[in-house]
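Worksheet: the structure to be examined is printed underneath.
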Amino acid sequence: MSSEKMVIEETCTALSEPESEPEMNEKHSSSTGSVDDPISHATYEYAQPEYYAESTTSSDLVDPEARPEVFKSTLHEVAAVLILTFSTVMNTISTGVMQIAVPTLGREFNISGGDLSWSVSSFQLMSATTILLFSGMADRIGRKRLVIVAYAWFAIWCLAGSFTTHHIVFDVCRGMQGLAAAACPSAGVGILGSTYKNGRRKNRVMAIFNAGSPFGLFLGIVTGGVTIEYITWRSIFYLYTIIFTILTVLVIFVVPGDNINDNIRFTPKEMLMRIKDLDWTGAALSTVGCIMFVFAASQAASATSGWATPYVIIVLILSFVVLAGFVYWEMKCEKPLMPLQIWKFPGFATIMVLVLFAWMCFTGVLNFYGGLYLQNVMGASPLKAAFYLFPQILASAVAVTIISAILHIAPGRLILIVAQMMMIGASLLWALVPLGTPYAAMILPALCLAIIAADLTYNVVNMHTLSAVSKAEQSSAAGIFYTINHLAGSLGVSLSSSIVSSILRRNAPMTTTPVPMEILSKAYKGAFWFATGLSSMALVCAVFANIGKQGAHEEAVVPDIEGVACVLKPGEKTCGVRRRGSSGANSSVIFDNVDADANEAGEMCGLLVGEHARRGYDAVL
């Protein structure tokens, strides 16, 4: 073995030896590296493929279609994935139930308009404003632990909500359930994202995980329709208490950890020490700002003067000030809740804006007012409404099957364009349906088009979110995606409720009870026209979304090069990777902070030695 190659292997051996925290801090805080420290002065020159989204490690050479080693068997793998899938089920269960239960809750608590919208928006709002906080928490205390706590928390507040007798208390319980829904998805997707390599196996696993959304919708619709029709709406939450209590136990014994802080002691003192440096100020600003905005929109729906009501205007202005303060704080904060550099990744900002418009349309308008239209305008009972909504589940199953098969074949931009055109079609069908039109003529295709469009969008955006950023930022990126997803639903409900209330005030005297079907239908159609505008904006974003094929795995191939060098140069502080583009033109990318992460440097070093030894290369200076 050449002496140069020995230099590299000695450096890698040094990297593999654990260091105490004081030693690491002393080494990294030094303004001038020590010659005795090989890590701080190592520079690796290595040819890599031209597109390089993140540091390549030796683990990337593992067959992506093989079952990950953390699973003892295929049965174990399937069970773990299905249990984690309830992270997404938790959110859409709420959507499905509310599609059926909202009219019943309105009669139970004697509320309507903006007050009634809080039964939906309180869940989504609390979920949206805390997802990023929980994403950072997952990386500190362990993602598996967070899933366990979230499942248990959801079960507790489902039980509490089943005993409420006042709508404000019910809304609080719904908000607490939303906290659990905020903690689960990013932790669950983080476990799967770090366990699987990009490839068709990961596509299938993520398709199953994302299938939790339609399954949750199905579970919510069916259980809501049956229990409200034959028992009581409270029994829905008894059932969910039982389901998520069982799941809490299963996570403990079936789901493997992802080696991110899974071995630390789970004690209150230890947990507080690890989360004390989270961006609590940013969390407070974002939560207060979003709550104020949604409150203003909801009150505009019930206030006599609508948006012209003085306190609504004041709260709205204050919400913008607080949210602007949040953005400013994130720019200055050392460890921000929402790292702004994530928005610079290719296509990330565009697809997040797309998600905002698409989910304001789908969850905030079509789902909410679609359920109300079926029961309040068409006169369907809760069980019949559930029957009317059931085709959405079948359409969703078809959509998930198709998307898992074409993600690695069809460009993501094309899929998104088709999806948003379908969403526009669904919105127009709802907006144009004449009073008395048979269900199968326009409402059935509207329901199916909307759910297929949502599933196509969700899968493409979710996969792009995971592949567009580095592994270290996957939880934060997923957190931003779920934040916008949930916040969009809350905003959509609030804004569309304001439109509906405004139309009702202009066309029906306040003393008219019940509201004539013609006027109620006209008011709901105002919301559906609003949905048409939202979906049109989502289509514009889809046209400009630079998303290619998802999960099309390419084997790691090392181009022919002259050699690889590990050079120790006194005075240098950067341990990085320099690569030459596949086109042959000289270009370089330096990972300046690798010296602050011995594990990452060690992985790179292991790749250089292992790959070149396999190919018979010698390292040369």
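Under 1.5 on a/c is rounded, so check that first for region 206-362, then, if it is not, pick prolate when a/b is larger than b/c and oblate when it is not; a ≥ b ≥ c are the square roots of the alpha carbon gyration tensor eigenvalues. List each step's numbers first, then the result.
Working: a/c = 1.76, a/b = 1.10, b/c = 1.60.
Since a/c reaches 1.5 but b/c is at least a/b, the shape of region 206-362 is classed as oblate.
How long is the gain from VAL543 to LEU435 if the chain were fully straight, where each residue apart is worth 0.36 nm and the alpha carbon distance is subtracted? Intermediate results must be reported in sequence, preceding the final value.
Numbers: separation 108, 0.36 × 108 = 38.88 nm, distance 3.47 nm.
Full-extension gain reported as 35.4 nm.
Leaving out ligands and nucleic acids, note down the accessible area per residue over region 283-393 with a 1.4 angstrom probe, in whole Å². Intermediate values should be presented prior to the final figure.
On the way: 4600 Å² over 111 residues.
Counting only protein heavy atoms, the per-residue value for region 283-393 is 41 Å².
To the nearest 20 Debye, how big is the dipole of region 307-461 about its Cα centre, given +1 on the beta carbon of each Lys and Arg and -1 on that of each Asp and Glu?
Values: 5 positive and 3 negative charges, 17 e Å.
With only Lys, Arg, Asp and Glu charged at Cβ, the dipole is about 80 debye.
What fraction of the Cα pairs in region 162-214, stated in percent, has a spacing above 12 angstrom?
Numbers: 986 of 1378 pairs.
Percentage above 12 Å: 72.
Using a cut-off of 13 Å between beta-carbons, work out the net charge of the residues near ILE415 (Lys and Arg +1, Asp and Glu -1, ILE415 not included).
Numbers: positive: ARG413, LYS549; negative: ASP455.
Taking every other residue near ILE415 into account, the sum is +1.
Using R₀ = 22 Å, calculate the FRET efficiency as 1/(1 + (r/R₀)^6) where r is the Cβ-Cβ separation of LEU340 and TYR311; round to 0.05. Could the numbers behind the result be given before it?
Numbers: r = 33 Å, r/R0 = 1.49.
Efficiency for this residue pair is about 0.10.
Please work out how much accessible surface ASP139 shows to a 1.4 Å probe, ignoring ligands, DNA and RNA, in Å² rounded to 10.
Per-residue accessible area (ASP139): approximately 40 Å².
Give, to the nearest whole percent, the P(r) tail of region 222-310 beyond 19 angstrom, counting all Cα pairs.
Details: 2843 of 3916 pairs.
Value for region 222-310 (Cα pairs over 19 Å): 73 percent.
Which FRET efficiency, nearest 0.05, do GLU518 and ALA152 yield, Cβ-Cβ r, R0 51 Å? Display every interim value, and only then the final one.
Numbers: r = 48 Å, r/R0 = 0.95.
Once the sixth-power term is evaluated, E becomes 0.60.
Cut-off 20 Å, label point 7 angstrom out along Cα-to-Cβ of ARG67: give me the residues of region 190-207 whose amide nitrogen falls inside.
What the label zone holds, given the 20 Å backbone N cut-off, is 191-207.
Computed from the mean reciprocal separation of all distinct C-alpha pairs, what Kirkwood hydrodynamic radius does region 140-288 have, in Å? Please list the in-between numbers first.
Details: mean 1/r = 0.0574 Å⁻¹.
Radius from the Kirkwood sum: 17.4 Å.
Apply the Kirkwood formula to region 297-355: the hydrodynamic radius equals the inverse of the mean of 1/r over all pairs of different alpha-carbon atoms; give it in Å with one decimal. Don't jump to the answer; show the numbers that get you there.
Values: mean 1/r = 0.0714 Å⁻¹.
One over the average 1/r among Cα pairs gives 14.0 Å for region 297-355.
Rounded if a/c is under 1.5, else prolate if a/b beats b/c, else oblate: with a ≥ b ≥ c from the C-alpha gyration tensor eigenvalues square-rooted, which is region 300-407? Could you put the intermediate results ahead of the total?
On the way: a/c = 3.84, a/b = 1.25, b/c = 3.08.
Cα axes put region 300-407 in the oblate bin.
Using the 2.2 N^0.38 Å rule of thumb for compact globular proteins, work out how region 105-144 stacks up: its C-alpha Rg over that value, please.
Values: Rg = 15.6 Å, N = 40, 2.2 N^0.38 = 8.9 Å.
Taking N as the residue count of region 105-144, the ratio is 1.75.
Once each part is reduced to its C-alpha centroid, what is the distance from region 167-195 to region 93-111 in angstrom?
First find each Cα centre; the distance between them is then 20 Å.
Give me P(r) over region 79-152, computed from all C-alpha to C-alpha distances, binned every 5 Å, as integer percentages.
Percent of pairs per bin, in order: 3, 13, 19, 21, 15, 12, 9, 6, 2.
Give the shape of region 394-448 as rounded, prolate or oblate, defined through the alpha-carbon gyration tensor: a ≥ b ≥ c are the square roots of its eigenvalues, a/c under 1.5 means rounded, and otherwise the shape is prolate if a/b is larger than b/c and oblate if not.
Details: a/c = 5.89, a/b = 2.06, b/c = 2.85.
It comes out oblate by the Cα gyration axes.
All other residues with a Cβ under 15 Å from the Cβ of ARG234 taken together, and with Lys, Arg as +1 and Asp, Glu as -1, what is their net charge? Mind dumping the intermediate values first?
On the way: positive: ARG107, ARG174; negative: GLU108, GLU229.
Its environment carries a net charge of 0.
For THR165 and LYS276, FRET efficiency with R0 = 35 Å and r from the beta-carbon atoms, rounded to 0.05?
Values: r = 39 Å, r/R0 = 1.10.
For R0 = 35 Å, the calculated efficiency reads 0.35.
The values are calculated or read from the model by the stated rules, or taken from the named source; none is laboratory data. Being a predicted model, the structure only gives us computed values, none of them experimental. Cβ sites come from the backbone with ideal geometry, for glycine too, and all protein chains shown count toward neighbours. Just the protein is used for accessible areas: all its heavy atoms, side chains included, with ligands, DNA and RNA removed. Shrake-Rupley method; radii C 1.70, N 1.55, O 1.52, S 1.80 Å.
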